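First comes the structure, then the notes that go with it.
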Amino acid sequence: MDGLSGNMQAEPRVFAHDAVTVVIGAINNSDSNHGLKMTSGGTGYTVDDVLTAAGSATGTLATITVTAISGGGATGPVSNYTMSNVGTGYLVGDNLTVTGGTGANDATFDVTNIDIPNTQSRGCCLYIGNSGDVEVVMESGNTAIFAGAATGAFLPILAKRVVTTNTTATLILALY
């Protein structure tokens, strides 16, 4: 999904090759750490446990599937995981607690990335399904508000994240 990087032998893309619905505040599972930093593995978990990540999300809660535990027993602290559902309404820095283990301590995570998936090295353009304002974090890291984006408009920008604060447009697609 990388764009043209100044290499004249590279194949420049003039048209999008994929479109994905933008879910504002979804944890970025395409990030190298799944958009989370585990702060505690908790106790009493088993492989294949599906855990709900309670926190300050304003929408759907994320779920995490345990893929490995440490300690060598049948149950133990989470040592590796995948995202089953990325949720909605999270903010970077949110503290999440996942319940479901049989021990006294729950596993905990911090949200580290809610960027649009697959924008780690190159942002994406946006298509606006329903008109309104669109606040984005650009590939440069700067924040910009595109006021009054029309229904059916294409924003030829390189965005990494759509921010909920000032965004009133809906049905936004990320174009890669």
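Bear in mind these aren't lab numbers, they're just calculated from the coordinates by the rules spelled out. Values in this document were obtained by computation on a predicted structure and should not be read as measured data. Virtual Cβ from ideal backbone geometry, glycine too; neighbours counted across all protein chains shown.
State the answer as a single residue: which of PHE15, SER40, ILE27 lies farthest towards the positive end of the charge dipole of the chain, with beta carbon charges of +1 for Lys and Arg and -1 for Asp and Glu, about the Cα centre.
Value computed over the given set: PHE15.
Which one of GLN120, LEU96, ILE157 is farthest out on the positive end of the charge dipole of the chain, using unit charges on Cβ (Lys, Arg +1; Asp, Glu -1) and the Cα centre as origin?
The residue sitting farthest along the positive end of the dipole is ILE157.
Give me the number: length gained by fully extending THR164 to SER79, i.e. 0.36 nm times residue separation minus the C-alpha to C-alpha distance, one decimal in nm.
27.4 nm
Quick check: the distance between the Cα centres of the range 10-89 and the range 98-176, to the nearest angstrom?
17 Å
Please compute the Kirkwood hydrodynamic radius of the chain from all pairs of different C-alpha atoms, in Å with one decimal. Walk me through the intermediate numbers first.
Numbers: mean 1/r = 0.0573 Å⁻¹.
Over the chain, the inverse of the mean reciprocal pair distance is 17.5 Å.
Please give the charge dipole size of the chain, origin at the Cα centre, charges +1 on K and R Cβ atoms and -1 on D and E Cβ atoms. Round to the nearest 20 debye.
Charge dipole of the chain: 140 debye, to the nearest 20.
Arrange the following residues from fewest to most other Cβ atoms within 10 Å of their Cβ: ASP49, ASP18, ASP133. The partial results should precede the final answer.
Details: ASP49 20, ASP18 11, ASP133 14.
Placing the least packed residue first, the sequence is ASP18, ASP133, ASP49.
Give me the one-decimal nm value for the distance between modelled label points at LEU171 and THR60, 7 Å along each residue's Cα-to-Cβ direction.
Each label point lies 7 Å from its Cα, and together they span 1.9 nm.
Quick check on the range 36-111: take the gyration tensor over C-alpha atoms, sort the square-rooted eigenvalues as a ≥ b ≥ c, and tell me if it's rounded (a/c under 1.5), prolate or oblate.
Prolate, because a/c is 1.5 or more and a/b exceeds b/c.
Given a Förster distance of 30 angstrom, what is the FRET efficiency for VAL47 paired with PHE15, based on the Cβ-Cβ distance and rounded to 0.05?
On the way: r = 43 Å, r/R0 = 1.43.
The pair VAL47/PHE15 has a calculated efficiency of 0.10.
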